[in-house]
Amino acid sequence: MKLISKLSEISENKPLIVTIGNFDGVHLGHRSLLEQALKTARGMSGDLVLISFVPHPQEFFSKLNDFYLNSFEERRSLLKDFGIKYFLEISFDEEFSNLSPESFLKEYILSDKRVKKLYLGHDFSFGKSKSGNLEFVKNFLLNTGVQLEVFPEFKTSMDKVSSSLIRDLIRHGKIEKANELLGRKFFIKGRVVKGKGRGATIGIPTVNLEINPNRIVPAKGVYFTKTYFQGQPFDSITNIGINPTFGDNIQLKIETHILDFSQQIYEQEIVISFLKRLREEKKFSDFNELKMQIKADIEERINFR
């Protein structure tokens, strides 16, 4: 997948099929749309161009924390697996946010005569104040030679799949359901930083993860996880919370005990993949009660398959 800043950077004289969206999470709905668009591109002996934005428009206007399902780097990596030929990332800044729908289509789509089809999701809108809805696009493309294909709302047997629903599930600790709609395991990537070292004093050392504050974090609690260090997977158990037993109660922490692991990895990057929520975070009467509970949690993790 080649990163580009405008369609004119594409040198091949092939038909271009363009799709536009934020693709945060690259979930089952995104995947279904991309598969259909890729099938169309191949049928036309053309290439698929995916257009997206940095940052997400919602973050630009609202400065949100605890929002993104993936970093932009992770989004690129997830999309690369699909066989997309070109990825055009547009800087969503003050100037772009004031661009009219007409100007956007003329400048970014219709300026290249190789564009033959535009794929959009059922709820897509763009331009200043989201004035560029699907009806507008349909009318604007009349007599341009560019066809509009609207991808219907994607549903599993029970749910409509959307990034906002998945965010809500993660914020409520419903990891297994979120994973089902993502079509993969939800993960967080970050840097290992020093903690208070309490776990090491009882023979249960943990690594503390520092992540970007705009990344979404699951609800407080204890989770079965898989931790990846230098590409190698390790079974692990992760606590997300504020350590109420010790009265910390200030900053949310992500602490992971990696089973059968003894390496010192401060300042190294790891990936924590979430499998299941075991329980809520609890305040224990004393350190010994907490220690017993952690050991019971680890035993459950060992037996989890």
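The values are calculated or read from the model by the stated rules, or taken from the named source; none is laboratory data. Computed from a predicted model, the values in this text were never measured in an experiment. Neighbour counts run over all protein chains shown; Cβ positions are idealised from the backbone, glycine included.
In the set (1) without any contact (Cβ under 8 Å) to a residue 60 or more places away in the chain; (2) charged (D, E, K, R); (3) over 30 Å from Gly183 (Cβ atoms), Glu73 fails one condition alone, (3).
If I filter the stretch 97-104 for residues that are more than 19 Å from Val18 (Cβ to Cβ), touching a residue at least 24 places away in the same chain (Cβ under 8 Å) and either loosely packed, with under 14 Cβ neighbours inside 10 Å or polar (S, T, N, Q) (or both), do I get at least one hit? Break it down into steps so the answer makes sense when it comes.
First, the residues of the stretch 97-104 that are more than 19 Å from Val18 (Cβ to Cβ): 97-98.
Right, trim to touching a residue at least 24 places away in the same chain (Cβ under 8 Å) and you get 97-98.
Of the ones still in play, those that are also either loosely packed, with under 14 Cβ neighbours inside 10 Å or polar (S, T, N, Q) (or both) are 97-98.
Yes: the stretch 97-104 contains one or more residues that are more than 19 Å from Val18 (Cβ to Cβ), touching a residue at least 24 places away in the same chain (Cβ under 8 Å) and either loosely packed, with under 14 Cβ neighbours inside 10 Å or polar (S, T, N, Q) (or both).
Could you list all residues from the stretch 129-168 that are hydroxyl-bearing (Ser, Thr, Tyr), surrounded by fewer than 16 Cβ atoms within 10 Å (Cβ to Cβ) and modelled with pLDDT of 90 or more? Once the filter is applied, which keeps residues that are hydroxyl-bearing (Ser, Thr, Tyr), surrounded by fewer than 16 Cβ atoms within 10 Å (Cβ to Cβ) and modelled with pLDDT of 90 or more, the stretch 129-168 yields Thr144, Ser164. I'd like to know if the stretch 255-265 contains one or more residues that are under 22 Å from Ile175 (Cα atoms), under 20 Å from the mean Cα position of the chain (by Cα) and either surrounded by fewer than 17 Cβ atoms within 10 Å (Cβ to Cβ) or hydrophobic (A, V, I, L, M, F, W, C) (or both). No; the residues of the stretch 255-265 include none that is under 22 Å from Ile175 (Cα atoms), under 20 Å from the mean Cα position of the chain (by Cα) and either surrounded by fewer than 17 Cβ atoms within 10 Å (Cβ to Cβ) or hydrophobic (A, V, I, L, M, F, W, C) (or both). Note on the stretch 199-242: residues that are surrounded by fewer than 18 Cβ atoms within 10 Å (Cβ to Cβ), at pLDDT 95 or above, part of a loop (DSSP other than H, G, I, E, B) and in contact with a Phe, Trp or Tyr (Cβ under 9 Å, 6 or more places away or on another chain) amount to 0.
Restricting the first member to the stretch 3-17 and to residues that are in the same structural domain as Phe72 (by TED's automatic domain parsing), and the second to residues that are exposed (fewer than 10 other Cβ atoms within 10 Å of the Cβ), the beta-carbon pairs closer than 9 Å and six or more apart or on different chains are Lys14/Ser45; Pro15/Ser45. The set of residues in the stretch 144-186 being under 30 Å from Glu107 (Cα atoms) and under 17 Å from the mean Cα position of the chain (by Cα) consists of Ser162, Ser163, Ser164. Here the condition is being part of a loop (DSSP other than H, G, I, E, B), touching a helix residue (DSSP H, G or I) at 6+ places or on another chain (Cβ under 9 Å), closer than 24 Å to Lys282 by Cβ and not aliphatic (A, V, I, L, M); of Lys177, Lys196, Lys185, it holds for Lys196 alone. Within the stretch 36-48, how many residues are free of Cβ contacts under 8 Å to residues at least 60 places away in the same chain and surrounded by 16 or more Cβ atoms within 10 Å (Cβ to Cβ)? Selection size over the stretch 36-48: 4. Comparison of Lys253, Lys291, Lys226, Lys283 shows that the only residue that is basic (Lys, Arg) and closer than 18 Å to Asn212 by Cα is Lys253.
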